[in-house]
Amino acid sequence: MLMFDSHINLCILSLVVLALPLVFLYRRKQPKLNLPPGQTGWPLVGETIGFLKPYPATTIGKFMEQHIARYGKVFKSTLFGEPAIVSADPELNKFIFNNEGKLFECSYPKSIGGILGKWSMLVVVGDMHRDMRAIALNFMSSAMLRTSMLKDVETHALLVLNSWKQNFKFSAQEEAKKFTFNLMVKNILSLEPDNPEAEALKKAYATFMKGVVSAPLNFPGTSYRKALQSRFTILKFIEKKMEERNQNMKEGSEGLDNDLLNWVLRNSNLTAEQILDLILSLLFAGHETSSVAISLALHFLPGCPRAVQQLREEHGEIARAKREAGEVELTWDDYRRMEFTHWVVNETLRLGNVVRFLHRKAIKDIRYKGYDIPRGWKVLPVLAAVHLDPSHFDHPQLFDPWRWQNNGSRGGSAGASNNVNFMPFGGGGRYCAGSELAKLEIAIFIHHLILNYQWDLAEEDQAFVYPFVDFPKGLPIRVQRNVYL
Ligand code: HEM
């Protein structure tokens, strides 16, 4: 027994002796990484709970505040089950966006792919992303915006606004959602708002959305499970529409539908499954975001009466000129004249931060400003942390549309559209395909709102980050018809 033990000891000793030079060689070959400072927290969960804890949308939240104060604008952590680098640094964010596909790649958590679909635009990379992006850009090209979309945006904004009753309390967020949803389903599937199919789709979509924002727990009764079921209902509906269109094409009667579905069926090589996920992701990206932006504008403006007054003057002037010219519908030139409104839109996006942070991963070992970002690590550019940083924006918590005067010189170093400190729509090869449509929607909605109504916040409500931005009470407002114009 003793001999056996000493034999084992001898073996272990020889192994250690043999392994030592190997360990030494390995360590010499692997230079010590200079990772950004930070902590990793609990195994797997890491600091995810703190990172995702809800906080007011006009702040960066306790987690980011404390981490930036302690570690600086770039720090390491463990988030969503993976080692991660978090960036509140505008230069690094720009570097990440500009190197999409070369050094970094879009990498949303699996639960998002599970619900939005494996062919969702948020999930796909490489050639498939390039093809889908081309379709989305074509769908929202500036020619489309100037012609058919401008008219549609105005019609749908008026439809919602004209349904408002004086002195009634209602949810501004729900109304904004109605507007953007109706607009999207009209342009994607040619569904009119009063169509029962559109209503059914809206219901299924609402359940679907609850699951997108919930914890990905796939058990009976959970929001996530219900959302997966709604996803199935929505997909069945879109599938039925596809079959109808394909049938029409076979019979040579393509119908009058000048919508995205027809365009994709005629001009792309996407499979049915890919088309379904593409449509669902456009519905999601194009409806949730701009409706939140409109709600944020409605929330911020009553706190800044001078901005409301300046909007009244700008839109009153446009309306008067149109009356004199005998014109009714808004034109692209009218839209271009909404200069102050564009500052209001920028300021709303800066302060409200509809999309807080993006998911990326490093696909190569990267060295940036002396720090190492190892291959495979998650990288999270936090757009909101730059927009609310006092070193980039004076009094960042203040709703101040005039900071965008002279192309945003008070808001940062350069013009809004070319400003590394202002990236509400992301950047690089994944820059929001609907950014121009979103700005158009917000401006046209404000135009008719300001001309027709005065509004008050009927109840105190505040946007929170869940991490999707949402008003817990739906932003209840009351309106009065304008009589002054
Ligand atoms: C205020 C409103 C909006 C904001 C703040 C916003 C923000 C963003 C951001 C930050 C991204 C980049 C995502 C990433 O890099 O991972 C993005 C992507 C995208 N957005 Fe928007 N968006 C808005 C409205 C819209 C609208 C109205 C549409 C119309 C359908 C749209 C369609 C898209 C699409 C298709 C992408 C994916 C682009 C790609 O991967 O190439 N967005 N959006």
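The values are calculated or read from the model by the stated rules, or taken from the named source; none is laboratory data. Computed from a predicted structure; not experimentally measured. Here Cβ is always computed from backbone atoms with ideal geometry, including for glycine, and neighbour counts include all displayed protein chains. When the accessible area is computed, the model is the full protein with side chains, heavy atoms only, and any ligands, DNA or RNA have been set aside. Shrake-Rupley method; radii C 1.70, N 1.55, O 1.52, S 1.80 Å.
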Next item on the list: Please report the base-10 log of the normalised intensity I(q)/I(0) for the range 55-140, using a Debye sum with one equal scatterer per alpha carbon and no solvent, at each q in 0.11, 0.13, 0.18, 0.27 (1/Å).
Entry: -0.44, -0.61, -1.03, -1.27
Check: For the chain, what relative contact order do you get, as a whole percent, if you take Cα pairs closer than 8 Å and at least 6 residues apart?
Finding: 24 percent
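Can you give the charge dipole size of the range 152-203 about its Cα centre, rounded to the nearest 20 debye, using +1 on the beta carbon of Lys and Arg and -1 on the beta carbon of Asp and Glu?
Details: 7 positive and 8 negative charges, 54 e Å.
The dipole magnitude comes to about 260 debye.
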Note to self: Leaving ligands and nucleic acids out of the surface, order 263, 343 by accessible area at 1.4 Å, largest first.
What the structure shows: 263, 343
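Once you have the Cα-Cα distance between residue 431 and residue 168, take 0.36 nm times their residue separation minus that, and quote the gain in nm to one decimal. Don't skip to the end; give the middle numbers.
Values: separation 263, 0.36 × 263 = 94.68 nm, distance 3.93 nm.
Stretched fully, the residue 431-residue 168 segment lengthens by 90.7 nm.
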Check: For residue 244, what accessible area in Å² do you get when you roll a 1.4 Å probe over the heavy atoms of the protein chains, rounding to the nearest 10?
Finding: 80 Å²
Checklist line | Using distinct alpha-carbon pairs, which all enter the 1/r mean, Kirkwood radius of the range 30-481 in Å | finding: 23.1 Å
Next item on the list: Report the one residue of 304, 103, 78 whose Cα lies farthest in the direction of the positive end of the charge dipole of the chain (charges on C-beta: Lys and Arg +1, Asp and Glu -1; origin at the Cα centre).
Entry: 78
Item checked: From phi via Karplus (6.51, -1.76, 1.60), per-residue ³J(HN,Hα) for the range 56-61 in Hz, x at Gly/Pro -> x, 5, 8, 10, 9, x
Next item on the list: Step through the residues of the range 40-45 one at a time and calculate ³J(HN,Hα) from phi using the Karplus curve (6.51 cos²θ - 1.76 cosθ + 1.60, θ = phi - 60°), rounding each to whole Hz and writing x for Gly and Pro.
Entry: 9, x, 5, x, 6, 5
Check: Over the C-alpha atoms of the range 129-231, what are the Rg and the largest Cα-to-Cα span, Dmax, in Å?
Finding: 16.6, 49
Next item on the list: Run down the aspartates and glutamates and flag those whose C-alpha is under 12 Å from the C-alpha of residue 102, throwing out any fewer than 8 positions away in its chain.
Entry: 365
Checklist line | Within the chain, helix-based [θ] at 222 nm, where runs of 4 or more DSSP H residues each add -39,500 (n - 2.57), nearest 500 | finding: -17000 deg cm²/dmol
Notebook entry, point to check: When all protein chains stay in place, what accessible area (Å², nearest 10, 1.4 Å probe) is found for residue 259?
Noted result: 10 Å²
Item checked: Degrees between helix 150-161 axis and first principal axis of the chain (Cα, 0 to 90, nearest 10) -> 80 degrees
Checklist line | Nitroxide proxy distance, nm - points 7 Å out along Cα→Cβ at residue 146 and residue 273 | finding: 4.1 nm
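Length gain on complete extension for the stretch residue 236 to residue 131, per 0.36 nm per residue less the alpha carbon to alpha carbon distance?
Length gained between residue 236 and residue 131: 35.4 nm.
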Notebook entry, point to check: Could you give the angle, 0 to 90 degrees to the nearest 10, between helix 223-250's Cα long axis and the longest principal axis of the Cα atoms of the chain?
Noted result: 60 degrees
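So for each of 50-59, 172-181, 112-121 I average, over its residues, the number of other beta carbons within 10 Å; can you give me the resulting order with the highest mean first? Walk me through the numbers on the way to the answer.
Working: 50-59: 17.2, 172-181: 23.5, 112-121: 19.3.
Output ranking for 50-59, 172-181, 112-121: 172-181, 112-121, 50-59.
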Item checked: For the range 117-125, Karplus couplings with θ = phi - 60° (6.51, -1.76, 1.60), whole Hz, Gly/Pro x -> x, 6, 9, 5, 4, 6, 9, 5, 10
Margin query: Heavy atoms of the protein only, probe of 1.4 Å, neighbouring chains included. What is the accessible area of residue 226 in Å², nearest 10?
Written below: 100 Å²
Next item on the list: Sort 361, 473 from largest to smallest accessible area, using a 1.4 Å probe on the heavy atoms of the protein chains.
Entry: 473, 361
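Taking all protein chains together and a probe of 1.4 Å, list 457, 189 from the most accessible to the least accessible.
Working: 457 60, 189 5 Å².
Result of the area sort, largest leading: 457, 189.
Measure up 151/202; 186/241; 62/378; 177/473 against 18 Å on the Cα-Cα distance and list the ones that go over.
151/202; 62/378
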Next item on the list: Could you tell me how many degrees, from 0 to 90 and to the nearest 10, lie between the Cα long axis of helix 305-325 and the main elongation axis, the longest principal axis, of the Cα atoms of the chain?
Entry: 50 degrees
Next item on the list: Could you calculate the contour length gain from residue 82 to residue 45, that is, 0.36 nm times the residue separation minus the distance between their Cα atoms, to one decimal place in nm?
Entry: 12.5 nm
